[in-house]
Amino acid sequence: LENKELSVESLLKDESFRSWVIDQNAEAAIYWNQKATENEDFRKNITFAKSFLLNLQEKTTNISDNEINRISQEIIQQNEESKLRFWKNPVFRVAASVAFLACLGYFSYTFINKNQGSQIELATTSNQKNILKENQTNEIENVVLEDGSVVTLYPQSSIEYPSHFDAKSREVYLSGKAFFDIKRNPEQPFWVHTKKLSTQVLGTSFLVNAVKENTKVEVKTGKVSVYLHDDVKQEFKNQKAGVVLLPNQQVTLENDENRLVKTIVEQPLQVVELPKENFIFDEVPLKNVLKTIEKAYGLSITFDENKIENCFLTANLGAESLYEKLDLICKITHSSYEVVDAQIIVYSKGCN
Amino acid sequence: MGTTNLNKNDLQNWVLMKEGNEGAFNALMRKYFNQLLNYGYKFVKDEDFVKDCVQEVFIEVWKRREKLSVPDSVKAYLLSSVRKKVVRENFRQNSDKEEIDLEKTDFLVELSSEWALIQEETESQINDKINQILQELPKRQREVIYLQYYQNISRDEIAQTMDINAQSVSNLLQSAFKTFREKWVRISTILIYFWIC
């Protein structure tokens, strides 16, 4: 860029200038800061053009290249796998995506064959002929339901569903593991029954996960409600009997106790993907730090505001997992935490 | 519209992408994702929502790549897709609320607070003035100014993006410059800048 061309208009069109202001390019910054000291007119024009662009930009909404790469990989893979919208893409909340994993151990394999009782139950509620799909291959298989919902059935799993759904509800019976992409319809709630648990789709997108003897339902994003199968039979769809799960929460079935225990998933993921910079804390009040974490993971954190009033944190927690973050924070601020009923409670003796 | 090297690259990537080239798709995303986020944010002040919308535009592009035609301007095509998507989805999600009418929507430009904090006084005065004037510009004038300078696209591309004809874009830009200049002169007693059309 020639000096004489250093008008506001030409600055605004200049790639290097734009990369300084918009992309915070460090090399360009050195060049333009230097340029601004050369003479008063340059300085004025540069100041004006920079301010103008920033005011148009209004706010840096940028996400990192890494994240863009991740999203692009996800789109490509998603499309190849099955044209399903995976849970990581809670895009328009029209479809509820469920991944449902029910490893019911030895009994589950033979469940469909042996436990005729449950099959009959489903058949009678829907008053329709049921269709049974079993995946005996080594690859995932797609099953499209009448309402357009898509079920991705994992190997050695089976699903049973009516050829026509009941007007009041859509109910399927699953043995094994499956991923559901469900068309949202509040008038006709979607139920996934397994041997021990019944899960109702309440909206948006989520991942449900149940493994081994301890049947488990795990939510990534969205909202589901989980019931003991027996409760559903007795008090059909009595809302009080269920446990509502939000992102990063899970419910496990304690076999011996036959009750649902709600906790936080083992590896909570950020629900709101905050930029790494948001986790670089420099003398930040502990309260704000905890609020940031609360927002990012969608989990509730309880603490005594008065106690932690004088606690400040300086740390870079961009790379750590939720629990690593909490461990570090507690170590630095001489506090401790525990997880109770899917909530995080931070105890502090206060800081001086 | 002169075909610059940048546009040529876009078109090459677009053609490759249509053939299923993942690298080309990724290159387009890296180049435009953030610019599209910023544009969407002008209509709905919810970063997560806008991110979902931009993501969905790319999902659709990738899904329908074989059927898509090659646009005159890839950037204008993406900007206009995001514009429509943000408005439509915002309506779908808030069906109890009123639909955003693009004709009525405020094209919001707020004071960039980071900027205001860092700058020394004179610069912050300039900043305040620019901010004030942009705020006072009618929303469509503000949008053409934003597309012309922040998105750095041609008049034809602006026309495509906003779904109006090129002459209307020129008229809007002329009025915007005029308003900007008048307001600037009016509120600045010391500093006078010349705006070159």
Spelling it out for residue A:351: with amide H atoms placed in the peptide plane at 1.01 Å from N, the residues 5 or more places away or on another chain with amide H under 5 Å from its amide H are A:310, A:311
Between the modelled labels at residue A:144 and residue A:66 (7 Å from Cα along Cα→Cβ) the distance in nm is 3.9 nm
Per DSSP, the loop-located GluC sites (Glu not before Pro) within the range A:248-311 having at most 14 other beta carbons within 10 Å are A:257, A:266, A:305, A:309
Rounded to the nearest 0.05, FRET efficiency between residue A:300 and residue A:331 (Cβ-Cβ, R0 22 Å) equals 0.50
Expected unfolding gain across residue A:276-residue A:324 under the 0.36 nm per residue rule, minus the alpha-carbon gap, is 15.8 nm
One finds, for residue A:129 and residue A:244 with R0 = 25 angstrom and r their Cβ-Cβ distance, a FRET efficiency to the nearest 0.05 of 0.15
Simple SL model, points at 7 angstrom along Cα→Cβ for residue A:284 and residue A:163; separation in nm is 5.9 nm
Taking a label point 7 Å from the Cα of residue A:74 along Cα-to-Cβ, the residues of the range B:19-43 whose backbone nitrogen sits under 20 Å from it are B:22-41
Simple SL model, points at 7 angstrom along Cα→Cβ for residue B:164 and residue A:261; separation in nm is 6.3 nm
Listed by chain and number, the residues whose amide H is under 5 Å from that of residue A:302, excluding neighbours fewer than 5 places away on the same chain and using placed H, are A:344, A:345, A:346
Spelling it out for residue A:25: with amide H atoms placed in the peptide plane at 1.01 Å from N, the residues 5 or more places away or on another chain with amide H under 5 Å from its amide H are A:20
Computed from the beta carbon distance with a Förster radius of 45 Å, FRET efficiency for residue A:310 and residue B:66 to the nearest 0.05 stands at 0.15
Net charge (Lys, Arg +1; Asp, Glu -1) of residues whose beta-carbon lies under 15 Å from that of residue A:327, residue A:327 excluded, is -2
Karplus ³J(HN,Hα) for the range B:171-184 (6.51 cos²θ - 1.76 cosθ + 1.60, θ = phi - 60°; Hz, whole; x = Gly/Pro) runs 4, 4, 5, 4, 5, 5, 4, 4, 4, 4, 4, 4, 5, 4
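Values in this text are rule-based calculations from the coordinates and carry no lab data. None of the values given here were measured: they were computed from a predicted structure. All Cβ positions, glycine included, derive from the backbone under ideal geometry; neighbour counts span all protein chains shown.
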